[in-house]
1. Any idea which of (1) under 19 Å from E159 (Cβ atoms); (2) surrounded by fewer than 17 Cβ atoms within 10 Å (Cβ to Cβ) is the one L111 doesn't satisfy?
2. For segment 71-163, please list each of the helices (runs of 4 or more DSSP H) lying entirely inside it that holds at least 2 residues being of a type in the set (K, R).
3. Return the pair list, or none, for Cβ contacts closer than 7 Å from residues in segment 91-109 that are in the same structural domain as H157 (by TED's automatic domain parsing) to residues that are surrounded by fewer than 21 Cβ atoms within 10 Å (Cβ to Cβ) and hydroxyl-bearing (S, T, Y), at least 6 apart or on different chains.
4. Being among the charged types (D, E, K, R) and surrounded by 11 or more Cβ atoms within 10 Å (Cβ to Cβ) is the filter; apply it to segment 59-94 and report the residue that is nearest to the chain's Cα centre (by Cα).
5. Can you tell me which residue within segment 95-115, out of those that are aliphatic (A, V, I, L, M) and within 14 Å of the chain's Cα centre (by Cα), is farthest from I71 (Cα to Cα)?
6. Given the conditions (1) touching a helix residue (DSSP H, G or I) at 6+ places or on another chain (Cβ under 8 Å); (2) under 29 Å from V84 (Cβ atoms), report the number of the one that K105 does not fulfil.
7. Across segment 126-135, what is the number of residues that are more than 11 Å from V98 (Cβ to Cβ) and either among the polar types (S, T, N, Q) or touching a strand residue (DSSP E or B) at 6+ places or on another chain (Cβ under 7 Å) (or both)?
8. Can we say T118 is β-branched (V, I, T), in contact with a Gly (Cβ under 8 Å, 6 or more places away or on another chain) and closer than 23 Å to V67 by Cα?
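The values are calculated or read from the model by the stated rules, or taken from the named source; none is laboratory data. From a predicted model like this one, the values you see are computed outputs, not experimental measurements. Using ideal geometry, Cβ is built from the backbone for each residue, glycine included, and neighbour counts are taken over all protein chains shown.
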Amino acid sequence: MNVKAVFLTTIFGFLLWLGLTLQVDPYNMAIGGVVALLLGGIFGAKSSWRDLKLTPRSILAVAIWVVVLMIEIVRSTIDVMLRVIAPRVRINPAIVEVKTRLKTKTGRLALASSITLTPGTLTADIQDDRLYIHWIDAQSTDVDAATREIVRKFEKHLEVIFG
């Protein structure tokens with residue numbers, strides 16, 4: 001059994017419990033702790049937490065990645081909104097191929113999810129170190145240029161978190 005995975009699943013479950021119940025009284029915390037421990041034991045061993053690095057640097061990278069993701073979501077939402085309300089729709093849709101340096105499946109999944117969460121892009125497929133992205137306004141179909149534009153802002157942080 002992977003103790004780190006069970007521990008992280010338990011902690012995540014407990015924090016989720018507290019976030020959903022919004023109660024920090026001892027009774028609620030005890031119930032949440034027991035439920036989180038049970039779920040951590042059941043699901044933790046099968047989770048992908050083993051790919052997660054637990055270092056001060058990776059914890060800082062998680063915080064930075066979340067901020068970068070939020071900024072990109074807001075920026076992309078405004079961009080798509082302006083495209084929708086503009087008198088002339090400015091789009092150049094294409095499916096572009098991008099490369100990633102991420103080695104783990106969990107890291108690649110986090111990257112694909114980050115890309116999909118930003119309006120105007122959608123991860124259509126992942127094949128090894130290649131992702132195929134539907135881009136609402138493809139500025140370039142060149143693999144390296146598309147990778148720089150779409151992937152790098154997330155990848156540098158996810159590389160520290162997942163490797």
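1. L111 satisfies every listed condition except (2).
2. Working: elements: 105-117, 143-146, 152-162.
Hits in segment 71-163: 105-117, 152-162.
3. A94/T141; I95/Y132; V96/T141; E97/Y132; T106/S48
4. Selected residue: E72.
5. Keep residues of segment 95-115 that are aliphatic (A, V, I, L, M), which gives 95-96, 98, 102, 109-112, 115.
Imposing the further condition that a residue be within 14 Å of the chain's Cα centre (by Cα) reduces the set to 102, 109-112, 115.
On the way: L102: 22, L109: 20, A110: 16, L111: 15, A112: 17, I115: 13 Å.
For segment 95-115, the residue satisfying everything is L102.
6. The one condition K105 does not meet is (2).
7. Of the residues in segment 126-135, 2 are more than 11 Å from V98 (Cβ to Cβ) and either among the polar types (S, T, N, Q) or touching a strand residue (DSSP E or B) at 6+ places or on another chain (Cβ under 7 Å) (or both).
8. Working: β-branched (V, I, T): yes; in contact with a Gly (Cβ under 8 Å, 6 or more places away or on another chain): no; closer than 23 Å to V67 by Cα: yes.
Spelling it out, it is not the case that T118 is β-branched (V, I, T), in contact with a Gly (Cβ under 8 Å, 6 or more places away or on another chain) and closer than 23 Å to V67 by Cα.
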